[in-house]
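Handing you a structure now.
The values are calculated or read from the model by the stated rules, or taken from the named source; none is laboratory data. Note that the structure is predicted; figures quoted are calculated from it, not measured. Here the Cβ is made from the backbone with ideal geometry for all residues, glycine too, and neighbour counts use every protein chain on show. Quick note on the areas: whole protein, heavy atoms, side chains included, nothing else; ligands and nucleic acids left out. Shrake-Rupley method; radii C 1.70, N 1.55, O 1.52, S 1.80 Å.
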Amino acid sequence: MRTSVLFALTAFALALPPHAAGSASDKAAVPSKDSELLLKAKSDYEAERYDAAAKALAMAAEAGDARAQYGLGLLYEHGRGVPQDLNRAVKWYMKAAAHGNGAAQNNLGYLYAEGRGVARSDEEAFEWFSKAASSPSDWDAAVAWCNLGNMYLNGLGVKKNLKKAFAFYAKAAAKDNPYAQNNLAFLYEHGLGTRRDLAKAAHWYREAAEQGFPFAQGNLAMMYENGRGVARDEKVARKWYGLAARHGSALAMYRLGRDSELGRGAPRDLIEAYKWYLLAEERGDGPSHEALLRLDQVLTPDQKGQAKVAADAWSSADHD
């Protein structure tokens, strides 16, 4: 949970066509066919009629609408309403990006950075993120700034420069991008590209955590657990670990198990600890296996059965 410096992604959602206000003819304006198709695609998508959404987007995309081209690329990338096809996703992102669509430019950068549908190239990724950075959309620009921060931080496609990484994260964080807020906090915490400031690190982890970003929730929990940048508070740490666990963090589940075993932030409860270790191990957390072996020596079969029932119930519950 200490090295959670991540690429920011464009949200998987279909946007409404922008409404232009300010002219006397606005009220009398007749929506274009492409705009009607986009509205239909959005309605179908939100109703989980993905096939219908894909058909509407395809019609508008073929007619040259960049928003539809981006949306169709997104559907192909994730396989919703169409078979997953990264090559077609790249094709439609390229068409939208050629029209200056910042979301498509960001997603192309991500695909090049990860080598999905294209040959992996940090240089190409950097170029696409740089283009998206000038997008008129605040969100798309902030996503690009965050990703440029990652490239400068790690020296990917560009010479490593911690001060530039810090500057890009700070710009994106000011636009409420949770990835950037988490990464900016990481730099403050470790004194990378700026002077070390644990109070500012805790502040930015909190900003991202309150937006529901699980990595930041886990990082903020660790700040409270160890009294770094904030007053030490095991109960508050447990709260943030719990929220990160609800978002699927295996490490947070392990920490909850450990805290339950040791009685941190809540009364000592070995059955509860065993439950969290089971959940963490199921999600690939290595240390949880050793913890389970340790508790196997002190818990009865009935107690372990209770923990297993509790873990299964937690996994099947809706944590949204």
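Yes or no: the range 274-291 includes at least one residue that is open to solvent by 40 Å² or more (accessible area, probe 1.4 Å) and closer than 21 Å to Tyr205 by Cβ.
Within the range 274-291, the subset open to solvent by 40 Å² or more (accessible area, probe 1.4 Å) is 281-284, 286-287, 289-290.
If we keep only those that are closer than 21 Å to Tyr205 by Cβ too, we end up with none.
No, the range 274-291 has no match at all.
I need the full set of residues from the range 85-100 which are open to solvent by 30 Å² or more (accessible area, probe 1.4 Å) and not charged (D, E, K, R), in order please. Lay out the reasoning, then the answer.
If we filter the range 85-100 for residues that are open to solvent by 30 Å² or more (accessible area, probe 1.4 Å), which is where we start, we get 85-88, 91, 94-95, 98-100.
Residues satisfying the conditions are Leu86, Asn87, Met94, Ala98, His99, Gly100.
Among the listed residues Tyr205, Tyr241, Tyr254, Tyr188, identify the single one that is touching a Pro at 6+ places or on another chain (Cβ under 8 Å) and among the aromatic types (Phe, Trp, Tyr).
Within the list Tyr205, Tyr241, Tyr254, Tyr188, the selection yields Tyr254.
Specify the residue that is farthest from Ala185 (Cα to Cα); the eligible residues are those in the range 143-171 that are aliphatic (A, V, I, L, M) and open to solvent by 30 Å² or more (accessible area, probe 1.4 Å). Reasoning before the result, please.
If we filter the range 143-171 for residues that are aliphatic (A, V, I, L, M), which is where we start, we get 143-144, 148, 151, 153, 156, 158, 162, 165, 167, 170.
Subset that is open to solvent by 30 Å² or more (accessible area, probe 1.4 Å): 156, 158, 162, 167, 170.
Working: Leu156: 21, Val158: 22, Leu162: 14, Ala167: 12, Ala170: 10 Å.
Only one residue tops the list, namely Val158.
Got a sec? Which of Asp176, Asp138, Asp197 is surrounded by fewer than 24 Cβ atoms within 10 Å (Cβ to Cβ), in contact with a Lys or Arg (Cβ under 9 Å, 6 or more places away or on another chain) and among the acidic types (Asp, Glu)? I'd like the intermediate steps shown before the answer.
Working: Asp176 fails: in contact with a Lys or Arg (Cβ under 9 Å, 6 or more places away or on another chain); Asp197 fails: in contact with a Lys or Arg (Cβ under 9 Å, 6 or more places away or on another chain).
Step by step, each of Asp176, Asp138, Asp197 is checked, and only Asp138 is surrounded by fewer than 24 Cβ atoms within 10 Å (Cβ to Cβ), in contact with a Lys or Arg (Cβ under 9 Å, 6 or more places away or on another chain) and among the acidic types (Asp, Glu).
Looking only at the range 212-223, count every residue that is open to solvent by 10 Å² or more (accessible area, probe 1.4 Å), assigned to a helix (DSSP H, G or I) and more than 18 Å from Trp276 (Cβ to Cβ) and tell me the total.
So in the range 212-223, the residues open to solvent by 10 Å² or more (accessible area, probe 1.4 Å) come out as 212-215, 222.
Checking which are assigned to a helix (DSSP H, G or I) leaves us with 214-215, 222.
Next, from what is left, pick out any that are more than 18 Å from Trp276 (Cβ to Cβ): 215.
Number satisfying all stated conditions: 1.
Only one residue in Asp44, Asp85, Asp34 is touching a helix residue (DSSP H, G or I) at 6+ places or on another chain (Cβ under 9 Å), of a type in the set (Asp, Glu) and modelled with pLDDT of 95 or more, so which one is that?
Values: Asp44 fails: modelled with pLDDT of 95 or more; Asp34 fails: modelled with pLDDT of 95 or more.
Of Asp44, Asp85, Asp34, the one residue that is touching a helix residue (DSSP H, G or I) at 6+ places or on another chain (Cβ under 9 Å), of a type in the set (Asp, Glu) and modelled with pLDDT of 95 or more is Asp85.
Would a scan of the range 225-238 turn up a residue that is over 21 Å from Ala185 (Cβ atoms) and either under 18 Å from the mean Cα position of the chain (by Cα) or surrounded by fewer than 20 Cβ atoms within 10 Å (Cβ to Cβ) (or both)?
Just the residues of the range 225-238 that are over 21 Å from Ala185 (Cβ atoms), to begin with: 235.
Imposing the further condition that a residue be either under 18 Å from the mean Cα position of the chain (by Cα) or surrounded by fewer than 20 Cβ atoms within 10 Å (Cβ to Cβ) (or both) reduces the set to 235.
Yes; the residues of the range 225-238 include at least one that is over 21 Å from Ala185 (Cβ atoms) and either under 18 Å from the mean Cα position of the chain (by Cα) or surrounded by fewer than 20 Cβ atoms within 10 Å (Cβ to Cβ) (or both).
OK, next. So, Asn182, is that one more than 20 Å from the chain's Cα centre (by Cα) and not hydrophobic (A, V, I, L, M, F, W, C) or not? Spell out how you get there, then give the answer.
Values: more than 20 Å from the chain's Cα centre (by Cα): no; not hydrophobic (A, V, I, L, M, F, W, C): yes.
In short, no.
Please name all residue pairs, on different chains or six or more residues apart, with Cβ atoms under 8 Å, provided the first residue is in the range 229-253 and is more than 21 Å from Tyr277 (Cβ to Cβ) and the second residue is small (Gly, Ala, Ser) and open to solvent by 50 Å² or more (accessible area, probe 1.4 Å).
Sorted first by the residue in the range 229-253, then by its partner, the pairs are Gly229/Ala199; Val230/Ala199.
Assess whether Leu243 counts as being open to solvent by 40 Å² or more (accessible area, probe 1.4 Å), aliphatic (A, V, I, L, M) and part of a helix (DSSP H, G or I).
Working: open to solvent by 40 Å² or more (accessible area, probe 1.4 Å): yes; aliphatic (A, V, I, L, M): yes; part of a helix (DSSP H, G or I): yes.
So Leu243 fits the description; yes.
To continue, here is another question. For Asp318, all conditions in the list (1) open to solvent by less than 50 Å² (accessible area, probe 1.4 Å); (2) assigned to a loop (DSSP other than H, G, I, E, B); (3) under 22 Å from Gly212 (Cβ atoms) hold save one; what is the number of the exception?
(1)
Quick one: Arg268 ticks every box in (1) open to solvent by less than 20 Å² (accessible area, probe 1.4 Å); (2) without any contact (Cβ under 8 Å) to a residue 24 or more places away in the chain except a single one, so which number is it?
(1)
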